[in-house]
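Q: Have a look at this one.
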Amino acid sequence: MATALEALRESLPDYAKDLKLNLQSLLSETSLTPAQRFGVALASAAAAREPNLVRALEAETLAEAGPETVEDALAANALMGMTNSFYRFRHWVGKESYAQLPARLRMNRVAKPAGSKVDFELFCLAVSAINACEACVRAHERTLIEAGLAEATIHDAIRIAATIHGLAAVLGLSSSSTEHP
C-alpha cells in the first residue's frame with residue numbers, strides 16, 4: 001500500500017522530476033538519522049505551509065521516527081515562526097537601540113524538547129533557512145557545530161529543507177491551478 005507521501009510524490013508534474021528524485025534519495029540515504037531526516041522534512045513542510053505535504057510527512061515521520069519527533073518538528077516551526085520574524089526585523093532595521101531591548105519571548109521548548117536537543121536545533125535551523133532569518137540560521141548552525149554535528153550533516157539537513165520548500169511551491173501551484181481553471 002502506498003503512503004500519502006509516495007502518492008504525493010507520484011502526483012508531481014513532469015517539470016518537478018528533479019524534486020521527486022531528490023525527495024526519494026534525501027529521505028532514504030543521508031548522514032542524518034531517521035529522526036533527523038523526517039523531523040527536518042516535517043518542520044520544513046510546516047514552514048512552507050503546504051497542508052497536504054505536512055499531513056503526508058506527519059504520518060511518515062510518526063511511522064519512521066515516533067511521536068516525539070513529530071511534536072518537536074511542529075514545535076520548531078511554531079517557535080521559529082515567531083523568532084524568525086522578530087530577529088529578521090532587528091536585522092533589517094539595523095538599529096543598535098532595538099538590539100539592546102530584551103526579546104521577552106518565551107522559548108522554553110528550545111531548552112526542553114520532547115526528543116533530542118541536537119535534533120530540535122536542526123529542525124529550527126531548517127525552518128530558519130526557509131524563513132530567511134540570517135541571525136537565526138547563524139545561531140542554530142553555530143549551536144549545532146558546538147554540539148559536535150558535522151558540517152556535512154548540517155548540509156544534508158538544508159538540502160532536505162530546500163527540496164521540501166520546492167515541493168511545497170509545486171504542490172501549491174498544482175492545487176491552485178486545479179481550483180482556478
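Q: Using a simple spin-label model with points 7 Å from Cα along the Cα→Cβ vector, what separation in nm is obtained for SER11 and SER85?
A: Output for this residue pair reads 2.9 nm.
Q: On a 0 to 90° scale, report how tilted helix 34-48 is relative to the longest principal axis of the chain, with both axes built from alpha carbons and the result rounded to the nearest 10.
A: 80 degrees
Q: Projecting each Cα onto the charge dipole of segment 66-181 (Lys/Arg +1, Asp/Glu -1 at the beta carbon, about the Cα centre), which of TYR87, ALA150, PRO113 comes out farthest on the positive side?
A: Selected residue: TYR87.
Q: Output the peptides 75-86, 142-153, 34-45 sorted from most to least packed, where packing is the average of other Cβ atoms within 10 Å over each peptide's residues. Working shown, then result.
A: Working: 75-86: 20.0, 142-153: 13.4, 34-45: 28.1.
Highest-to-lowest ranking by the protection proxy: 34-45, 75-86, 142-153.
Q: Right, here's the next one. Going by alpha carbons, how many degrees (0 to 90, nearest 10) lie between the helix axis of 117-130 and the longest principal axis of the chain?
A: The helix 117-130 is inclined about 80 degrees to the chain.
Q: When the chain is fully extended, how far beyond the present Cα-Cα distance does MET107 get from LEU21, taking 0.36 nm per residue of separation?
A: Values: separation 86, 0.36 × 86 = 30.96 nm, distance 3.61 nm.
Result for the pair: 27.4 nm of gain on full extension.
Q: Here is a follow-up. Can you give the charge dipole size of segment 17-171 about its Cα centre, rounded to the nearest 20 debye, using +1 on the beta carbon of Lys and Arg and -1 on the beta carbon of Asp and Glu?
A: Values: 16 positive and 17 negative charges, 126 e Å.
Roughly 600 debye for segment 17-171.
Q: Same structure, new question: At 4 °C and a viscosity of 1.567 mPa s, what translational diffusion coefficient does Stokes-Einstein give for segment 17-171, taking Rh as the Kirkwood radius over Cα pairs? Give it in µm²/s as a whole number. Please report the intermediate quantities before stating the final value.
A: Working: Rh = 15.5 Å.
It comes out at roughly 84 µm²/s.
Q: Here is a further query. Compute the helix-to-body angle for 51-65: its Cα long axis versus the longest principal axis of the chain, expressed 0 to 90° and rounded to tens.
A: Taking Cα atoms only, the helix is inclined about 80 degrees.
Q: Answer with one residue from ALA59, LEU42, PRO102: the one whose Cα lies farthest towards the positive end of the charge dipole of segment 17-171, charges on Cβ with Lys, Arg +1 and Asp, Glu -1.
A: Checking the options against the dipole of segment 17-171, the answer is PRO102.
Q: How do 93-105, 127-139 rank on mean C-beta neighbours within 10 Å, highest first? Write out the running numbers ahead of the final one.
A: Values: 93-105: 8.7, 127-139: 20.1.
Peptide ranking by packing, descending: 127-139, 93-105.
Q: Also: What list do you get for LYS117, LYS20, LYS112 if you sort them by fewest beta carbons within 10 Å?
A: Values: LYS117 14, LYS20 18, LYS112 8.
Final ranking by Cβ density, sparse to dense: LYS112, LYS117, LYS20.
Q: So, one more: Can you tell me, using C-alpha contacts under 8 Å and at least 6 residues apart, the relative contact order of the chain as a whole percent? Write down the numbers at each step before the final one.
A: Numbers: 213 pairs, mean separation 57.0, N = 181.
About 32 percent, as a whole number.
Q: Continuing with the same structure: Please list the non-local residues whose amide H lies under 5 Å from the amide H of GLY66, H modeled 1.01 Å from N, same-chain partners needing a gap of 5 or more.
A: Excluding prolines and chain starts, which carry no amide H, there are no hits.
Q: Let me have the 222 nm mean residue ellipticity of the chain computed from DSSP H runs of 4+ only, each contributing -39500 (n - 2.57), with the sum over all residues rounded to the nearest 500. Present the calculation step by step, with values, prior to reporting the outcome.
A: Details: 10 runs with 139 residues, N = 181.
So the calculated ellipticity at 222 nm is -24500 deg cm²/dmol.
No lab work stands behind these numbers, since they all come straight from the coordinates. This one's a predicted model, so the numbers in the text were calculated from it and none came from an experiment. Positions of Cβ are generated from backbone atoms using ideal geometry, with glycine treated the same way; all protein chains shown enter the neighbour counts.
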